[in-house]
Amino acid sequence: GNLRRAGARFVRTARTAPEYRLYSIGDAHPAMLRVRRPARGARIALEIWRLPPAGLAAVLQGEPPGLCIGSVALADGVSVLGVLGEPWLCRRGRDITRHGGWRAYSAAREKKA
């Protein structure tokens, strides 16, 4: 919803390079953290959206403190700007890397409920 309100348009799905961990921040926001040792990372499913420059501030204002914009390395070798979590925020969240992506984690939570 936050992206759509900012005028973003869905482009495609993708996977990161195997260098990230994924965290749930209060079961409301995903946060990715790039790890120093790639052997501890995983490929995370994500979505690529095209966002007008004017919408970037609106997206950031709708995110909790500790989420930030940074470069995300994709499995196909391309780098894109994406939302990452600062280490202090990720330490407070739940590591959900084993789910492989936010949508898969959300689906698993719904199945339990």
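The values are calculated or read from the model by the stated rules, or taken from the named source; none is laboratory data. Note that the structure is a prediction, hence the values are computed from the model and not measured. Cβ atoms come from the backbone with ideal geometry, glycine included; neighbour counts cover every protein chain shown. Calculation scope for accessible area: heavy atoms of the full protein, side chains included, ligands and nucleic acids excluded. Shrake-Rupley method; radii C 1.70, N 1.55, O 1.52, S 1.80 Å.
Using the beta-carbon distance between I69 and A104 and R0 = 25 Å, what value does 1/(1 + (r/R0)^6) give for FRET efficiency, to the nearest 0.05? Spell out each step's value before the answer.
On the way: r = 24 Å, r/R0 = 0.94.
It comes to 0.60.
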| field | Answer label, with P(r) over Cα pairs in 10 Å bins from 0, in percent calculated from the coordinates and candidates (i) 14, 47, 35, 5; (ii) 11, 39, 32, 16, 2; (iii) 14, 49, 31, 6, 0 | value | (i)
| query | Relative contact order, percent, of segment 1-109 when contacts are C-alpha pairs under 8 Å separated by at least 6 residues? | reply | 33 percent
| message | For segment 3-53, what does the accessible surface come to per residue with a 1.4 Å probe? Please give it in Å². | response | 65 Å²
| task | With a Förster radius of 22 Å, plug the Cβ-Cβ distance of R5 and E47 into 1/(1 + (r/R0)^6) and report the FRET value to the nearest 0.05. | result | 0.90
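Counting only protein heavy atoms and a 1.4 Å probe, tell me what percentage of the chain's accessible area is made up of carbon and sulfur.
Working: 3820 of 7220 Å².
The computed percentage sits at 53.
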